[in-house]
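Trainee: Just dropping this structure here.
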Amino acid sequence: MGSNKTKKLRVSPYLFMEHSMCPGWVYHDQFSDPKQKGEIPELALKLMEQGVLHEKEYIKDLEFEEVKAIDSDEAFRETVNLMQKGVGLIYQGSIETEIDDIKWHGRPDLLKKFPGKSKFGNWQYYPIDIKSSTDLRPDHKHQLAFYSEILKRIQGKEPEKIAIINKNKKQMTIPLSSEITSKMYAKANEIISILKGQKPLPHLKGGCKQSPWGHMCLKESESKNDIALIYNVRESTLNKLRSNGLETVLEIAELNPNKPQYKIAKNTWQRLVLQAQALVKKDLIWLQKPNFDEGNNPIYFDIEGDPLLGIDYLFGFWIGNTQEFKYFLASRPEDEEKMWKEFLAWLPTLPKDYLMYHYAPYEKIHVEMLEKKYGGSKDLDLFKSKLVDLFDVIKKSVIFPLYFYSIKDLAKSRFVNYKWRHQKAGGAQSIFWYEKWLETGDRKVLQDIIDYNEDDVIATEHLLNWLKQYK
């Protein structure tokens, strides 16, 4: 017990990823019963595996010195020794420092030498991480700024730049700005306060669904009837409410939706109060009758895409009148253009008076992106004019007593009552399946993707039919 009390707190880069997804993840890993921890989603595990494979593939043609020591202290001494020698590229270096009695430790994928004064001589190092993504994301910047802060203390000079090697094996370099460092410190301080026992205030967001502790975040919010249960409220708005003594859904529900307070925008205020009232009533609150175009030939549309590969791999359509499922598939990433051309060739076969229903803006945005990428047609122009976003209809017409508003949350609710065939059905799971299909060639996995997409478009039909009852 005594050794645990004197053990220094330790901050590592992976905590930034966990915190950005779900602050409760950091807390529960530290303080909760491990037996209550759920499974890490398959997509997250796949990404870790992919990252390792991508890293190995990239470094095989590089010349570098690798730090192989597993023991933290030994690995740190070995890394500093290589830096003192002026080695051009260090792989899996171990760096650490103490800031305010907290141990900051990390192993950047690469430390690259470049000209500049430091404790070592006329050279210094900057950190590079190898990522299986396309862009340098905010969480990447935080991790690299974290490494840079440690390097500043080791070499006596803050690196001028940070970089990742992306999935295309291209180095993306940006200057290390004071803004990036400041945001990193803000995140680090939040993480440190959690490690010291400060439980983060509840904030349910999409990342909680991908956390192995997401069920705990939801359970705790429900036990307190916390305002975090109110759908789509920014953390800054939650903080304003809490600072004014409002902590429960019931307290928000008792307020007047037409009298904004605490410098919260009128529309935001009205929505959050009504959302709270719906949760308390456990029933719908109608704002207006649903307003949407109807046609004789309804079609329902959903796209499956992989942001990791930067492609869309499946266009699915449910033809309402014939109850037929039609899809276009890019079975390999390089087939995306072929899929798009097949989709364009199909459009002239549609009846002129069709309407194309979808849920949320993804479909419209990605059709326009693919048009810029591969070209369009007059029939595509017509198609775009026929798109009807049911999420937009929902937002304007009705408040659901739900914590999230995805198509699955709405369609699975007791109001619409549609069930997906696959227990793990979801957008993240579809991406995992596609990555697994590319790796294994397992046709059953490919069929799971197709079935999931078919369920999505049928669910969209069910949602529309449900809305029609109230039009």
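Trainee: For region 210-344, build the charge dipole from Cβ charges (+1 Lys, Arg; -1 Asp, Glu) around the Cα centre, then report which of ASN244, PHE317, THR268 sits farthest towards its positive end.
Mentor: ASN244
Trainee: Can I ask one more? How long are the semi-axes of the ellipsoid equivalent to region 108-240, from square roots of 5 times the Cα gyration tensor eigenvalues, in whole Å, largest first?
Mentor: Here the semi-axes work out to 36, 17, 12 Å.
Trainee: Quick one: Karplus J couplings for region 158-165, per residue in order, coefficients 6.51, -1.76, 1.60, θ = phi - 60°, nearest Hz, x for Gly and Pro?
Mentor: Values per residue, Gly and Pro as x: 6, x, 7, 8, 9, 7, 10, 9 Hz.
Trainee: Just going by the charge dipole of region 110-234, with Lys and Arg at +1 and Asp and Glu at -1 on Cβ, which of MET172, GLY197, ASN122 is farthest out on the positive end?
Mentor: Working it through, the farthest residue towards the positive pole turns out to be ASN122.
Trainee: Quick check: Cα centre of region 242-259 to Cα centre of region 273-336, how many Å?
Mentor: A separation of 33 Å, based on Cα centres.
Trainee: Still on this structure, I have one more. What whole-number value in Å² describes the accessible area per residue of the chain for a 1.4 Å probe?
Mentor: So the chain comes to 49 Å² accessible per residue, rounded to a whole number.
Trainee: Would you mind classifying region 373-429 by shape? Square roots of the alpha carbon gyration tensor eigenvalues, ordered a ≥ b ≥ c; an a/c under 1.5 is rounded, otherwise it is prolate if a/b is larger than b/c and oblate if not.
Mentor: Oblate, because a/c is 1.5 or more while a/b does not exceed b/c.
Trainee: Let me ask you something else. Which angle between 0 and 90 degrees, to the nearest 10, do you get for helix 178-195 versus the longest principal axis of the chain when only C-alpha atoms count?
Mentor: Helix 178-195 sits roughly 90 degrees off the main axis of the chain.
Trainee: Can you tell which of ILE431, TYR374, PHE415 lies farthest toward the positive end of the dipole of region 372-440, using +1 and -1 charges on the Cβ of basic and acidic side chains (Lys, Arg; Asp, Glu)?
Mentor: The residue sitting most towards the positive pole is PHE415.
Trainee: Follow-up question, since we're still on this one. Could you work out the per residue convex hull volume over the alpha carbons of region 217-324, in cubic angstrom?
Mentor: Per residue, the Cα convex hull of region 217-324 comes to 197 Å³.
Trainee: So, one more: Just subtract the alpha-carbon distance of GLU342 and ASP409 from 0.36 nm times their residue separation and send over the number in nm, one decimal.
Mentor: Extra length from GLU342 to ASP409 when fully extended: 20.9 nm.
Trainee: Which of the GluC sites (Glu not before Pro) found in region 175-265 are in a DSSP loop and have at most 15 neighbouring Cβ atoms, other than their own, within 10 Å?
Mentor: GLU254
Trainee: Compute the signed sum of charges (Lys and Arg +1, Asp and Glu -1) over the other residues within less than 11 Å, Cβ to Cβ, of ARG242.
Mentor: Summing Lys/Arg as +1 and Asp/Glu as -1 gives -3.
Trainee: Which value, in debye to the nearest 20, describes the size of the charge dipole of region 71-110 about its Cα centre when Lys and Arg Cβ atoms bear +1, Asp and Glu Cβ atoms bear -1, and nothing else is charged?
Mentor: The dipole of region 71-110 has a size of about 260 debye.
Trainee: Something else about it: Please report the relative contact order for region 320-435, taking Cα pairs under 8 Å with a sequence separation of at least 6, and give it as a percent rounded to a whole number.
Mentor: 21
Trainee: Next up: Enter the angle in degrees (range 0 to 90, nearest 10) between the Cα long axis of helix 138-155 and the first principal axis of the Cα atoms of the chain, meaning the one along which they spread out most.
Mentor: Once rounded, one gets 10 degrees.
Trainee: Here is a follow-up. What residues from region 284-325 fall in the zone where the backbone N is under 20 Å from a label point 7 Å along the Cα-to-C-beta line of MET172?
Mentor: 305-313
Trainee: Sticking with this structure for a sec: Relative contact order of region 199-342: what whole-number percent is it, with Cα pairs under 8 angstrom and at least 6 residues apart?
Mentor: Reported relative contact order: 12 percent.
Trainee: Suppose only helical runs count, i.e. DSSP H with n ≥ 4. What mean residue ellipticity at 222 nm does that imply for the chain under -39500 (n - 2.57) per run, divided by all residues and rounded to the nearest 500 deg cm²/dmol?
Mentor: -14500 deg cm²/dmol
Trainee: Another question, if that's okay. Can you tell me the orientation of helix 443-468 relative to the chain, as the angle in degrees between its alpha-carbon axis and the longest Cα principal axis, to the nearest 10?
Mentor: It is inclined by approximately 50 degrees.
Trainee: State the percentage of accessible surface on the chain attributable to carbon and sulfur atoms; use a 1.4 Å probe and exclude ligands, DNA and RNA.
Mentor: Using a 1.4 Å probe with all protein chains present, the chain comes out at 49 percent carbon and sulfur.
Trainee: Would you kindly calculate the translational diffusion coefficient of region 357-451, applying Stokes-Einstein with the Kirkwood radius from alpha carbon pairs, for 25 °C and a viscosity of 0.890 mPa s, and quote it in µm² s⁻¹ without decimals?
Mentor: In µm²/s, the coefficient is 154.
Trainee: Could you grab the relative contact order for the chain? Cα pairs under 8 Å, six or more apart, rounded to a whole percent.
Mentor: 13
Trainee: Something else: Hull surface divided by four, with the convex hull built on the Cα atoms of the chain: how many nm²?
Mentor: Quarter of the Cα hull surface area: 26.2 nm².
Trainee: Taking the Cα centre of region 256-351 as origin, work out the dipole magnitude from +1 charges on Lys and Arg Cβ and -1 charges on Asp and Glu Cβ, in debye rounded to 20.
Mentor: 1020
Trainee: Could you give the dipole magnitude of the chain about its Cα centre, charging the beta-carbon of Lys and Arg +1 and that of Asp and Glu -1, in debye to the nearest 20?
Mentor: 1360
The values are calculated or read from the model by the stated rules, or taken from the named source; none is laboratory data. Keep in mind the model is a prediction, meaning the values are calculated, not measured. Neighbour counts run over all protein chains shown; Cβ positions are idealised from the backbone, glycine included. The accessibility values were calculated without ligands, DNA or RNA, using every heavy atom of the protein model including side chains. Shrake-Rupley method; radii C 1.70, N 1.55, O 1.52, S 1.80 Å.
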